[in-house]
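Worksheet for the structure shown next.
No value in this document is a laboratory result; all are computed from the given coordinates. Small disclaimer: the values here were computed from a predicted structure and weren't measured. Glycine gets a Cβ as well: all are built from the backbone with ideal geometry, and neighbour counts include every protein chain shown.
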Amino acid sequence: MKIQQISMFLENKPGRISEPCKILAANNINILTLSLADTQQFGILRLIIQDWQKAKEVLEREGFIVNITEVVATEVEDKPGGLAKILEIIEKEGLNIEYMYAFTFRSGDKAVIVFRFDQPDLAIKALQSKGINVLDSVQLYDKANQ
């Protein structure tokens with residue numbers, strides 16, 4: 001149920017985000033979604049890529065330092081209160097969300113959000129016990145390619 005995410009530190013300078021994107025494109029690797037957070041000196045680029053092993057290999061070959069992190073993707077009702085419902089489940093379990101971001105596609109009538117939890121296995125168990133659909137990598141990649 002956990003998904004592998006690629007994370008990379010990039011200098012906060014013009015053109016730095018395009019470098020890994022060009023490398024991935026040249027190797028026919030598609031980015032399903034991404035998040036970019038920044039400070040004055042550097043940014044953290046987070047990517048969800050179906051063939052993350054190949055992406056890691058080609059990026060490292062080009063000199064990037066790549067970290068693989070486990071994240072959780074869930075369906076969220078795409079209506080007022082949908083995200084609040086998920087957050088309430090997590091808070092009641094005493095779990096921490098380190099960061100989150102949304103996918104650009106929908107799963108039927110639901111949005112898809114990626115969470116980085118401090119305890120992903122406990123978060124998955126808590127969400128599933130409340131009827132929240134946690135997507136595994138196969139489901140996620142299938143939905144992204146529809």
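With charges only on Cβ, +1 for K and R and -1 for D and E, what is the dipole size of the chain about its Cα centre, in debye, rounded to 20?
Approximately 200 debye in magnitude.
Where does each of MET8, MET1 land when they are ranked from fewest to most other beta-carbon atoms within 10 angstrom?
Ordered by Cβ neighbours within 10 Å, fewest first: MET1, MET8.
Restricting to Cα pairs below 8 Å that are 6+ residues apart, what does the relative contact order work out to for the chain? Please round to a whole percent.
27 percent.
Suppose the chain between ALA25 and LYS130 were pulled fully straight at 0.36 nm per residue; how much longer would it get relative to their current alpha carbon spacing?
Extra length available between ALA25 and LYS130 comes to 33.9 nm.
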